[in-house]
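The next block holds one structure in the form of structure tokens; read it before the comments.
The values are calculated or read from the model by the stated rules, or taken from the named source; none is laboratory data. Quantities reported herein were computed from a predicted structural model and do not represent experimental measurements. Reconstructed Cβ throughout: ideal geometry from the backbone, glycine too, with neighbour counts over all protein chains shown.
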Amino acid sequence: MSRIRQVVAWACLATAWPGAMAAFPSAYAPIVVQPVPTNQAPQAQEFDLTPALKQARQQHKRLYVYLGASDCAYCRRYEGFLQKHAAELVAPFAKDYLVVDLRSQLSFDAPRLFIKVNGRSLPYADFQRSINDERARLLVYPSVWLFDEEARPLMQMPAGAGTFETVPEQLEILRLEQ
């Protein structure tokens, strides 16, 4: 992502949803997907993965989709880990993945969080079920999903506290080792 596009994405994010900030370290060149209001539920917000998927298809890369909350201590811990180990992890991320940073807040509950993929906008739990994610009942921060360029899930991912605590664990995830 060009530096200008990154700055524009940050500016749009800051004005569109006060308090939300991209938290995935900038060294990974994350694509910030800002939530936009949707009329599907009262005060609902939608994350549209369509532009990121289009870019993934063009670049023949996978998506590393990260859902973090601006006020989540576990998210800050994971983001701190990524920042601390950027020298070891940026290249493996960049080789095969586009990082997509979905910004939320802990106060934002699952029925009001929608994810749009390939023209379908689904509430969080329905989205989870559509990709056979066993965590469909819960909105867990941080959450990570790995998708191919057609938005097919690549593997079941752990989530929440203790996620990817070491560089070898993170590399195993990127290599899709289970």
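Taking the stated definitions as given, is Ala23 at pLDDT below 90 and closer than 19 Å to Val117 by Cβ? No; evaluated as a whole, the condition is false for this residue.
For residues that are touching a Leu at 6+ places or on another chain (Cβ under 6 Å) and among the β-branched types (Val, Ile, Thr), scanning just the stretch 32-62, find the one that is nearest to Ala125 (Cα to Cα). Among those that are touching a Leu at 6+ places or on another chain (Cβ under 6 Å) and among the β-branched types (Val, Ile, Thr), it is Val33.
Just so you know, in the stretch 62-85 the residues that are among the hydroxyl-bearing types (Ser, Thr, Tyr) and part of a helix (DSSP H, G or I) include one that is nearest to Glu177 (Cα to Cα), and it is Tyr78. Within the stretch 27-81, the residues that satisfy the criterion of being farther than 20 Å from Met157 by Cα, surrounded by fewer than 20 Cβ atoms within 10 Å (Cβ to Cβ) and among the hydrophobic types (A, V, I, L, M, F, W, C) are Ala27, Ala29, Val36, Ala41, Ala44.
Selection of first residues in the stretch 36-53 that are farther than 20 Å from Val65 by Cβ and of second residues that are basic (Lys, Arg), restricted to Cβ pairs under 6 Å at least 6 apart or on distinct chains, gives the following pairs, ordered by first then second residue: Ala41/Arg112; Gln43/Arg112.
With respect to (1) assigned to a helix (DSSP H, G or I); (2) in contact with a Lys or Arg (Cβ under 7 Å, 6 or more places away or on another chain); (3) not aromatic (Phe, Trp, Tyr), the lone exception for Glu88 is condition (2). For the stretch 96-103, the condition holds for no residue, the condition being that it is under 20 Å from Leu122 (Cβ atoms) and of a type in the set (Ser, Thr, Tyr).
Against the definition (β-branched (Val, Ile, Thr) and farther than 24 Å from Arg175 by Cα), how does Ile131 come out, yes or no? Considered against the rule, which asks whether it is β-branched (Val, Ile, Thr) and farther than 24 Å from Arg175 by Cα, Ile131 comes out as no.
If you go through the stretch 69-110 and keep only what is of a type in the set (Phe, Trp, Tyr), closer than 13 Å to Ser143 by Cα and under 14 Å from the mean Cα position of the chain (by Cα), you end up with just Tyr78.
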